[in-house]
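Peer 1: This structure is in C-alpha cells; I'll ask about it shortly.
No value in this document is a laboratory result; all are computed from the given coordinates. Small disclaimer: the values here were computed from a predicted structure and weren't measured. Every residue, glycine among them, receives a Cβ derived from its backbone with ideal geometry; neighbour counts consider all protein chains shown.
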Amino acid sequence: MKKTISINISGVIFNIEEDAYDVLKKYLDTISGYFTDSDGKDEIMTDIESRIAELFQSRLNDSKNVVGMQDVEEVIDIMGRPEEYIDEEGPAMSSSRSRSRRGSRRVYRDTDKNLIGGVCSGISHYFGWDPIWLRLIWGISIIIFGVGIIPYIILWIIIPGARTTSEKLEMMGEPVTVESIKKKVTETFDDIKDKSGAQGIDTDFQVGYAKQQVNRGGDFVVDVFKRFFRFVGRFIGFIFLFAGLALIMFLVYSYFDGSLIQVDGQEWEWGMAELQRGLFTSELHSYMFTIGVVLVTVIPLIGLVLLGSRLLFRYQNKNRGLFPVMFTLWLIGLVTLIISGIGLGKEFATDEGFSDFDKIELQGEVLYIDVDDDSHFSNAIRWRHNRFPNELIELQDDSIYCGYPELRIKQQLGKEYVELEIEKESHGFTSEAAFERAEKISYWYRQHGDTLLFDPFFAYSLDDKMRGQYCELTLRIPAGQQIFFGERIPRILEYARNRHDVDVEDMTSKMWIMTDEGLRSIDDEEEIESDETDSRMTASIPAQLKFVPSNPLFALNVKHGDSEGRK
C-alpha cells in the first residue's frame, strides 16, 4: 500500500499518494514559474488550483478517497502540460489544441458585461446568442405585457454569478486550462488598463458607479430571498427528517404489532406474522411479500430522511451511487411484491358455494329471533356500520373467525313452515378447491323452543387461509307467521322487506307478521290506522278554514261549510 499525505488545494483537503503529490507539486511549480512576469499571477494560480480541486473532487467518492497517480495525470492532461506553451512554438500549438478541445458550457450570470444582474447576457452566452436580442425581448415583455420582472428576479436568485476565471470560461463554453485561464486574466487586466486611461475616465466612472449601485441593490434583494429560501429549505428539511424517522419507527413496530394502526377508529390487531399465517400457503411467497412490503415502504422513507438531512445540514452527498442503489432496491421490492401478489391473486381465480336448508319447527304462534352473545367481537359493533376486516377477522389458535353473516328475511312461498337457508361461499385457484373450502365453513345457531339465536360470526380452519369466505343466512317465513326481533338483530339483519319502509335498526322489540307485501307491524297497526283517520279528517276540512292556537278564553266551533266562530 502506497504512502499518502494530506494536502490543501484551494481550501479543500485531499489525501494523495506521495509519488502523485511530487508530480503535482512539480507541475504547479513549473506553471508558477511560467507566470512570474505575468499580470495577475496570484489570481491565475488561484483559479488553476481551484480548477484542479474541482477535478479531483469529481473523481472521489465513498469507495475512493485517495488521489492517485492516474488521477493527477488525467488532471494535467485536461489542464494542459507546461511544455505545450513554454516552447517557442507552444502558443500556436496550444491555441490550436484549445480550439479543438470543447469545454463544458454552464449557465452563469455575466457579472462583467451586465446591465443589471447579468441574467440576459449569461443566458445568451449559454445558447450562443447576442445578448442584445434577449434584452430587447425581455424589455418588450415588461413594457407591453407587464411580465418579466418576477421571472428575472427568480433567475437572478437561482443562477449563480460567474465570479472566478474558471466560471467565466465555463460560461463562454471555453475549456478551463492553464493557458485559457492565463489568457482570460490577461485580457481582464488589459481592459482595466484601457479603462484607466485619461480618455473618458469620468464617463466610465459615472456609468460604472451607477451599474455598481444597481447591482448592489439587486444583490441585496437576491441575498434576502436566498436567506429566506435557505431558512424555508432548512425548515422543510427538519420536517422531512422528523417525519421520515417517525414513520420508519412506526412502520417497523407495526410490522410486528398492528395495534398502532387505527382504521375506522379501531385498532388493526394484525401484524406481519398474522398476515403471513392467514394469507399465504407458500413460505416463499410469504417471505417475498414481507421483503417487498419492507423495501417498498421503508426505502422511500430513508430517501426522505436523507433529503431532510441534506436540506437541514446543507452537506454535499459525495456518494453518487447511493440513490441509484436505493432506487434499485425499491424496484426489487416492488417486483417481489407484485410476484407474491400475483401468486395470491390466483388463489381468488374462481368462487364456488353451496347451501344447507334447515326446517324450523315451532310450538307457538310467534317466532322470536335474536343474535347470541359475541365471544369474539365487540357486542357494540354492527355489520351495517363497521365492515372493515380489522374488527371482523380474528385469528385464534388454528381457526379464523369472521363477522358477520348477513341475515335476510323473505316470504316462504309454497311451504307452510319456517325454513333457514345457510349459504356458504369461498374462492380458490380451482372450482374444486373453492368448493372444498366452502364446505369447511362452520356456522352455528341455536333453537330454544320458539326462539332462534344466531351467532354473529362464522369460522373456518387456518389451513384454508383467507380466501374471501362468506356466509349468508336467509330465513323464509310463511304468510301469517308472527315474528319478534330482539335488540341485537340489527348486527346481522341486512334485509327485511316491510310495508312501512322501516330500517332494520327500528324493527327491534316489535311484533311483526308476514304478509304477501312483506312484514307488517302489529304493534304499530292501531297507531298507523289512527294517523290515517286523522289524515282523512284533515283532508275533508274546507281550505278557507284557518286554525289558530288553542286559548282557554276562546272556544272554536267548526262546522263543514261554516267559518264563523263563537266566543
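Peer 1: Taking R0 as 22 Å, what's the FRET efficiency between Glu283 and Gln396 from their Cβ-Cβ distance, rounded to 0.05?
Peer 2: 0.50
Peer 1: To continue, here is another question. Go ahead and run the numbers for FRET between Arg105 and Ile248, Cβ-Cβ distance against an R0 of 35 Å, rounding to 0.05.
Peer 2: That gives a FRET efficiency of 0.25.
Peer 1: Students often check this: by mean Cβ neighbours within 10 Å, which of 133-144, 235-246 ranks highest, and how do the rest follow?
Peer 2: Top to bottom by mean Cβ count within 10 Å: 235-246, 133-144.
Peer 1: What does the highest-first list of 462-468, 54-60 look like by mean Cβ count within 10 Å? Display every interim value, and only then the final one.
Peer 2: Details: 462-468: 17.1, 54-60: 15.4.
Packing order, densest peptide first, comes out as 462-468, 54-60.
Peer 1: Do any of Lys346/Lys424; Lys3/Lys168; Lys415/Lys510; Lys359/Lys510; Lys2/Lys168; Lys2/Lys41 go past 32 Å between their Cα atoms, and which?
Peer 2: Lys3/Lys168; Lys2/Lys168; Lys2/Lys41, as the Cα separations exceed 32 Å there.
Peer 1: In which sequence would Asp29, Asp71 go, from the one with the fewest C-beta neighbours within 10 Å to the one with the most?
Peer 2: Ranking Asp29, Asp71 by Cβ neighbours within 10 Å, fewest first, gives Asp29, Asp71.
Peer 1: Collect residues whose amide H, placed 1.01 Å from N in the peptide plane, falls under 5 Å from the amide H of Gln411; neighbours closer than 5 in sequence don't count.
Peer 2: Ile477
Peer 1: Follow-up. Taking the Cα centre of segment 351-526 as origin, work out the dipole magnitude from +1 charges on Lys and Arg Cβ and -1 charges on Asp and Glu Cβ, in debye rounded to 20.
Peer 2: Approximately 220 debye in magnitude.
Peer 1: Once the other residues with Cβ under 9 Å from the Cβ of Ile5 are scored (Lys, Arg +1; Asp, Glu -1), what is the net sum? Don't skip to the answer; put the middle values down first.
Peer 2: Working: positive: Lys3; negative: Glu17, Glu18.
Result for the local shell: -1.
Peer 1: Residues with amide H under 5 Å of Val66's amide H, sequence separation 5 or more or different chain, H placed in the peptide plane at 1.01 Å from N; which?
Peer 2: Amide H to amide H, under 5 Å and 5 or more residues apart or across chains, Val66 pairs with nothing.
Peer 1: First measure r as the distance between the Cβ atoms of Phe145 and Glu274, then evaluate 1/(1 + (r/R0)^6) with R0 = 56 Å and state the FRET efficiency to the nearest 0.05.
Peer 2: 0.30
Peer 1: Taking amide H atoms as placed 1.01 Å from N in the peptide plane, list the residues 5 or more away in sequence, or in a different chain, whose amide H sits under 5 Å from that of Ser399.
Peer 2: Close amide H contacts, sequence-distant or interchain: Leu462.
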